[in-house]
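In what follows, a structure is listed as structure tokens, so that the remarks can point back to it.
Every read-out reported here was derived from the displayed coordinates using simple, explicitly stated rules and does not represent laboratory data. Computed from a predicted model, the values in this text were never measured in an experiment. Virtual Cβ from ideal backbone geometry, glycine too; neighbours counted across all protein chains shown.
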């Protein structure tokens, strides 16, 4: 493995910093302590810092030996927020705040980018500029979108942007990167069926919304199986049905909620359109009213071909061809997608292992994302930081 020696030498200190962040998790748009740590470290290393985008966002600017005169610039992004989850781990760096946990590895993402920042500031052996983007509120807050709306790419003009997420399960020491869609859009819906309540023994006196809901849920699955092309990926899941308060009362209303995931906006348009039609006409057929809400949250995360090719070449130089894998698209979502809508770039995976790295006292659950027994693998810090540094140098030297 071809790691940068100076990064390896500093990795223990960065790992300690990561564990401190893990012990003090902060939810979306509340990452003040984490942002203070990031800004303080960047300033210590002589990196100019801008704060305030999306409230708690931090952007560091590292100019190369030309002072940035070439005009070429790229962005490297890490997310900082934690999840509203009770941690089951009991090791020394477990969360000290009930109901909050770094269960997705954003503490590790922040640490890897800090380690890269230290190296880039120490050895500015490149022409151009590297922008270090520490983003708040990835977990359902859309912090990337807010940073963009508040002028991220105008204040820090860059031609490309790159992101990286740890991925449990695959062996530590491997990467994965592929062009095209790698994570899905995330969308929520809420449908309220307005019936007319009655005594449950006299259902003919009312309009029962529950059979309407049952018909609707069944019909929605035909959108996936019969309306979209079989080769186009899409998920439509009704995850909540709420109705009624007593066994002898037909309720006035029934509410359905759930999620839709797709790898393209075209498929998303089709599913939303057909859902609205099915919901309205099903209610009409039973004489019920229909209130349909569809909320588009994160768009699909779509990698650019040229940037992925460069990323894979950098990975190969670090770990070898056999340890650079194809990226299997996931139906989870990621708000880095907003950045990739605005700029070419690549969102890649760095493998977190199977959990054997966890300290004694970890929870009984698996070391998977969004699990209360998860912990980031600190052995990834020098590997991920080396990737960031070599990626920046390679991209800035490319034509």
Tell me the relative contact order for the chain as a rounded percent, counting alpha carbon contacts under 8 Å between residues six or more apart. 25
Taking other Cβ within 10 Å of each residue's Cβ, how do 125, 107, 364 sort, fewest first? 364, 125, 107
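Note the full-extension length gain between residue 265 and residue 370 as 0.36 nm times their separation in residues minus their Cα-Cα distance, in nm to one decimal.
Taking 0.36 nm per residue and subtracting the Cα distance, the gain is 35.2 nm.
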Convex hull (Cα only) mean projected area of segment 186-298, reported in nm² to one decimal: 6.8
Average the reciprocal distances over every distinct pair of alpha-carbons in segment 61-153, invert the result, and give the Kirkwood radius in Å. 15.1
Percentage relative contact order, segment 1-125, counting C-alpha pairs under 8 Å, at least six apart: 35
Computed over the chain: longest principal axis from alpha-carbon atoms vs helix 380-397 long axis, angle to nearest 10 degrees, is 80
Where does helix 32-44 land angle-wise versus the long Cα axis of the chain, in degrees 0 to 90, nearest 10? 20
Per GNM of the chain with C-alpha springs under 10 angstrom, the most fluctuating residue out of 25, 157, 382 is 157
Measure nothing fancy, just the Cα-based angle from helix 265-286's long axis to the longest principal axis of the chain, in degrees from 0 to 90, nearest 10. 20
Residue 205/residue 235 FRET efficiency (R0 56 Å; Cβ-Cβ; nearest 0.05): 0.90
Looking only at 143, 363, 195, which one moves most when the chain is put into a Gaussian network model with springs between Cα atoms under 10 Å? 195
Take every DSSP beta bridge whose two residues both sit in the chain, then give the antiparallel share in percent to the nearest 5. 70
For the chain, set up a GNM with springs between Cα atoms under 10 Å and report which of 44, 356, 245 has the largest fluctuation. 245
In whole angstrom, note down how far apart the Cα centers of segment 198-274 and segment 74-119 are. 37
